[in-house]
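Only one structure is covered here, and it is reproduced in the block below.
The values are calculated or read from the model by the stated rules, or taken from the named source; none is laboratory data. Note that the structure is a prediction, hence the values are computed from the model and not measured. Virtual Cβ from ideal backbone geometry, glycine too; neighbours counted across all protein chains shown. For the accessible areas, the whole protein counts, side chains as well, though only heavy atoms, and no ligand, DNA or RNA atoms are used. Shrake-Rupley method; radii C 1.70, N 1.55, O 1.52, S 1.80 Å.
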Amino acid sequence: MSPAVVWDRALLGYDLGGDHPFNPVRLELTVRLAGELGVLQDVELLVPTAAGDEELLRVHAPEYLAAVREAPLVGWEVGHGLGTADNPVFSDMHDASALVVGSTLLAARKIAEGAATRAVNIAGGLHHAMRDQAAGFCVYNDCAVAISWLLDHGFDRIAYIDTDVHHGDGVQAAFYDDPRVLTISMHQHPFTLWPGTGYSAETGRGKADGTAVNVPLPPRTRDPGWLRAFNAVVPSLLADFEPQLLFTQCGVDSHEEDPLADLSLSVDGHRAIYTTLRDLAETYAGGKWIAVGGGGYQLIRVVPRSWTHLIATVLDRDVDPATPLPPGWVATVAKAAPHAELPRAMTDDRDTEFKPWGDGEDDPVDVAVRDTRRAVFPLHGLDPDDPRD
């Protein structure tokens, strides 16, 4: 079975306008780059349709859907977090947002039907939207809707891993008391970045205590530290939880050049994250893996390269980091942004090798590792201070 790739130019309609950082050009440049590098050769791109109210109501309130529909007519008066600087009202907002949800649902359906074991949708990943509130550039929460749908279509243990620089708060909130969903978020520490949530002590509620996992990382964390923390927490929890599917939000605003945050990852670090996620899906989830996009606001230098690596990883068409950027893509960008300084290749030339946690050294990220392991591991019968667990 070939992995499913969901894409249609209609997804560019999710456009918050003007100089808003969530610019859909990043999607267009990614698909163009992946195409010119041959990553998408002979791949049938799956065209989504908009999610209907029945699916949106899985995680959103009826009055919120009504507000989103009404917002272009009444603007700032509608409330629900709409009409703000982060979430400005735009024409056809409901339809465009429902199409994003439909694109992630299409990826989920392909896996549930057995037509694919992996699927990627770079237009998805709107992880901040709440039940009745827009937040963080997100109107509807496609991740939460798709996970809810999967829980009704053959799955009862889903692991959601969020590698965006911001806490995956909307997805955590949707499943905070649902033991069927393990949510793991790797993000910049909430002391230093919006939305100010995602502390290690946030572990779930009731029977789901232990199924919300947060790893808040210090600003300026680089690839080796990020990967050290990830590998100190995530594999052990997946081994215990035994998910049937891995759902990953792959925001790339953790890059050192991103204008909205302060982690210091590279394109090479992102590539290492994706290959690690692929391996984890094979090891712990029977190979079933859904990958969606998310944040990422260095629109030209970072997002297209990182998400091309994501698509390539899902398709098992890994791109050599030393691969030069194709001349056609470079010419297209130079014409649209003549003053942009472009990288030369699919790499930032960074070393991603890391020392595994438990080596006796005190890496700056180890505070987060210890806090998270001590908050969550005992709830899974694991020893938080034993590096073998």
For segment 230-247, in residue order, the Karplus 3J(HN,Hα) values (coefficients 6.51, -1.76, 1.60; θ = phi - 60°; whole Hz; Gly and Pro = x) are 4, 6, 7, 10, 6, x, 4, 5, 5, 4, 6, 6, 6, x, 8, 7, 10, 10
Just how much of Glu113 is accessible, in Å², when a 1.4 Å probe is used and the result is rounded to the nearest 10?
130
Order Asp142, Asp240, Asp348, Asp92 by their accessible area, 1.4 angstrom probe, all chains in place, largest first.
Asp92, Asp240, Asp348, Asp142
List every residue whose amide H lies under 5 Å from the amide H of Arg118, counting only residues 5 or more places away in sequence or on a different chain, with H placed 1.01 Å from N in the peptide plane.
Ala4, Trp289
Name the long-range amide H neighbours of Met130: under 5 Å, sequence gap of 5 or more, or other chain; modelled H, no Pro or chain starts.
Ala135
Contact order relative to length for segment 283-358, counting C-alpha pairs under 8 Å separated by 6 or more residues, stands in percent at 29
Starting from the Cα gyration tensor of segment 121-217, take the square roots of the eigenvalues, sort them a ≥ b ≥ c, and report rounded, prolate or oblate (rounded when a/c is under 1.5, otherwise prolate if a/b is larger than b/c, else oblate).
oblate
For the chain, averaging the sequence separation of alpha carbon pairs under 8 Å that lie six or more residues apart and dividing by its residue count, the contact order in percent is 18
At 1.4 Å probe size, put Arg32, Arg301 in order of accessible surface, largest to smallest.
Arg32, Arg301
Taking the C-alpha atoms of segment 241-389, convex hull volume expressed per residue in Å³:
137
For segment 175-314, what relative contact order do you get, as a whole percent, if you take Cα pairs closer than 8 Å and at least 6 residues apart?
22
What shape does segment 1-108 have by the C-alpha gyration tensor, where a ≥ b ≥ c are the square roots of the eigenvalues, rounded means a/c under 1.5, and otherwise prolate means a/b greater than b/c and oblate the rest?
oblate
Each label point is 7 Å from the Cα along the Cα-to-Cβ direction; what then is the distance between the points at Glu28 and Lys335, in nm?
1.2
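For segment 12-133, what % of the accessible area comes from carbon and sulfur atoms, probe 1.4 Å? Before the final figure, lay out the partial values.
Details: 2410 of 5070 Å².
Carbon-and-sulfur percentage of accessible area, whole number: 48.
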Ignoring ligands and nucleic acids, what accessible area does Val367 show with a 1.4 Å probe (Å², nearest 10)?
80
Residue by residue through segment 197-203, the couplings from Karplus 6.51 cos²θ - 1.76 cosθ + 1.60 with θ = phi - 60°, in Hz, x for Gly and Pro, are 10, x, 6, 4, 6, 7, 10
Cut-off 20 Å (backbone N to label point 7 Å along Cα→Cβ of Arg205), residues of segment 166-194:
167-185
Two-site label geometry, Ala66 and Ala85: point separation in nm, points 7 Å out along Cα→Cβ:
3.1
Mind sorting out which of (i) 25, 45, 21, 8, 0; (ii) 30, 61, 9, 0; (iii) 27, 48, 21, 3 is the real P(r) over Cα pairs in 20 Å bins from 0, in percent computed from the coordinates?
(ii)
Amide H contacts under 5 Å for His60, placed H, 5+ residues apart:
none
Sorting Met130, Met1 on solvent-accessible surface, 1.4 Å probe, most exposed first, gives Met1, Met130
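Let me spell out the model: positive unit charges on the Cβ of Lys and Arg, negative unit charges on the Cβ of Asp and Glu, origin at the Cα centre of segment 231-389. What dipole size does that give, in debye rounded to 20? Display every interim value, and only then the final one.
Details: 14 positive and 28 negative charges, 179 e Å.
I would put it at about 860 debye.
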From the backbone phi of segment 357-365, what are the Karplus-calculated ³J(HN,Hα) couplings (6.51 cos²θ - 1.76 cosθ + 1.60, θ = phi - 60°) in whole Hz, Gly and Pro given as x?
4, x, 8, x, 8, 10, 6, x, 7
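Using a 1.4 Å probe on the protein heavy atoms, what percent of the accessible area of segment 229-337 belongs to carbon and sulfur? Numbers along the way, then the final one.
On the way: 1510 of 3070 Å².
Carbon-and-sulfur percentage of accessible area, whole number: 49.
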Given 0.36 nm per residue, what is the gain on full extension from Thr192 to Arg9 after removing their alpha carbon distance, in nm?
62.3 nm
Counting only protein heavy atoms and rolling a 1.4 Å probe, one gets per residue an accessible area for the chain in Å² of 38
Is segment 60-208 best put as rounded, prolate or oblate by its Cα gyration tensor, with a ≥ b ≥ c the root eigenvalues, rounded for a/c under 1.5, and otherwise prolate when a/b is larger than b/c, oblate when not?
oblate
